[in-house]
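The values are calculated or read from the model by the stated rules, or taken from the named source; none is laboratory data. Everything numeric here is computed off the predicted structure, so don't read it as measured data. As a convention, Cβ positions derive from the backbone with ideal geometry for all residues, glycine included, and neighbour counts pool all protein chains shown. Just so you know, the surface numbers come from the protein's heavy atoms only, side chains and all, with ligands and any DNA or RNA stripped out. Shrake-Rupley method; radii C 1.70, N 1.55, O 1.52, S 1.80 Å.
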Amino acid sequence: MLDYRNPFIVSSPVPLERFIGRKRDVKAILDRLAGPAPDSTAVSGEVRIGKTSLLHYISSPKTAEKWELSPEKCTCIFVDSQTIAPFSPMGFWHYVLKSLAARKVHDTGYISSLLKEDDVGGFELGELFDRIAGDGKLVVLLLDEFEHIVEHVNSDDPQFLYRLRALINRPAHGLALVLASRKPLTELCQNMRFVGSPFYASFALLSLGPFSWEEANKLIDVYTQGTGVVFSDRDKEFAYEISKGHPHWLQKVCFRLFQRHVEKMKVRSESE
Ligand SMILES: Nc1ncnc2c1ncn2[C@@H]1O[C@H](COP(=O)(O)OP(=O)(O)OP(=O)(O)O)[C@@H](O)[C@H]1O
Ligand SMILES: [Mg+2]
């Protein structure tokens, strides 16, 4: 039976099995996390370029396992920064602590005791991530929409960023970060007054661009497989030309092309 449901995804981040391309970016991020001293990355890219899809893909145990970051060793916690609204450092750390407790990353009794405190300070957090590292584990926080956090940080005294940076730079390395924002982290932080080394200096910067021609072709082939609809070379060239390889626009153009193909097929079958 042919499946004429449109396979192209035009609004939400793509699920794991529909994630196409980005091999170099995935490798760059996971190579850094899997190293002897896990390194953090700040991803940037224009609207709808695929930042959230990439963070979801990275945070899947199936992906991380290939880098020997098994779920027993590495816990990825995806946080859409807009979830913590209104943003406050304490709201943020409580969210993280609750996520760690829910995943049983460390002694839940210890985490619960921290949750009871109104103010979880730098000492307690440092201690917690050192203990996690001591268990042979790593926590990776994937913070999407990071601009939402930066917006709420005092630019004359960015204490929240100091604390984050201090935690990823601890010698035990129990915590690493993957940030995503539309603007590059350097630009986001340009009006911040840092005393000492700037926050962004602790990150590898990665800019997401459009899909290559090969990636776009792969997307079309994978998505149309088993649907009974075949995109011609001309269709593929048209879709790439219009979208310029931008994943969202590529999916949108292909969605329309797919609809047109199905309509034509229906008309043909009715006239037979
Ligand atoms: N790796 C991918 N494989 C297939 N499609 C993708 C991929 N990445 C992005 N897309 C397409 O682009 C759209 C936007 O992706 P996503 O929501 O991840 O982008 P974003 O950069 O997080 O957007 P925003 O700037 O709004 O937060 C998805 O709905 C999907 O159509
Ligand atoms: Mg997004």
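Figure legend: label point modelled 7 angstrom from the Cα of Arg193 along Cα→Cβ; residues of region 156-180 with amide N under 18 Å from it are 156-163.
Against the main long axis of the alpha-carbon atoms of the chain, helix 247-271 sits at an angle near 30°.
The distance linking region 110-138 with region 186-240 is 35 Å (Cα centroid to Cα centroid, whole angstrom). Mind scanning Lys244/Lys264; Lys27/Lys137; Lys51/Lys183; Lys27/Lys66; Lys27/Lys51; Lys23/Lys236 and naming the pairs with a C-alpha gap bigger than 18 Å? Beyond 18 Å: Lys244/Lys264; Lys27/Lys137; Lys23/Lys236. Residues of the chain were split at every exposed loop site, defined as trypsin sites (Lys or Arg not before Pro) in a DSSP loop with at most 12 other C-beta atoms within 10 angstrom, and the longest piece left, sites excluded, is 117-192.
So how exposed is Glu241, as accessible area in Å² (1.4 Å probe, rounded to 10)? Answer for Glu241: close to 120 Å² accessible. Given a 1.4 Å probe and the protein chains as shown, Asp221 ends up with an accessible area of around 80 Å².
Would you work out what percent of the accessible area of the chain, with all protein chains in place, is carbon or sulfur (probe 1.4 Å)?
Roughly 51 percent, rounded to a whole number.
For the peptides 107-115, 35-43, residues were scored by their other Cβ atoms within 10 Å and the scores averaged per peptide; the highest-first order is 35-43, 107-115. Less than 5 angstrom separates the built amide H of Ile77 from those of Val140, Leu141, Leu142, all sequence-distant by 5 or more or on a different chain. With contributions of -39500 (n - 2.57) from each DSSP H run of at least four residues, the per-residue ellipticity at 222 nm computed over the chain stands at -14000 deg cm²/dmol. Helix 233-243 sits at what angle to the longest principal axis of the chain, using alpha carbons and giving 0 to 90 degrees rounded to 10? In the chain, helix 233-243 runs at an angle near 40 degrees to the longest axis.
Accessible surface for Met265 stands near 50 Å², nearest 10, in the context of the full protein assembly shown (1.4 Å probe). Dimensions of the chain from C-alpha coordinates, computed as largest minus smallest value along each principal axis and given longest first, are 75, 39, 34 Å.
Computed 3J(HN,Hα) for region 80-96, one whole-Hz value per residue from the Karplus formula 6.51 cos²θ - 1.76 cosθ + 1.60 where θ = phi - 60°, is 7, 4, 5, 5, 8, 10, x, 5, 8, x, 5, x, 5, 5, 5, 4, 5, glycine and proline marked x. Please report the antiparallel percentage of the DSSP beta bridges confined to the chain, to the nearest 5. Antiparallel bridges: around 0 percent, rounded to the nearest 5. Our estimate of slack between Ser212 and Asp157, defined as 0.36 nm per intervening residue step minus the Cα-Cα distance, is 15.6 nm.
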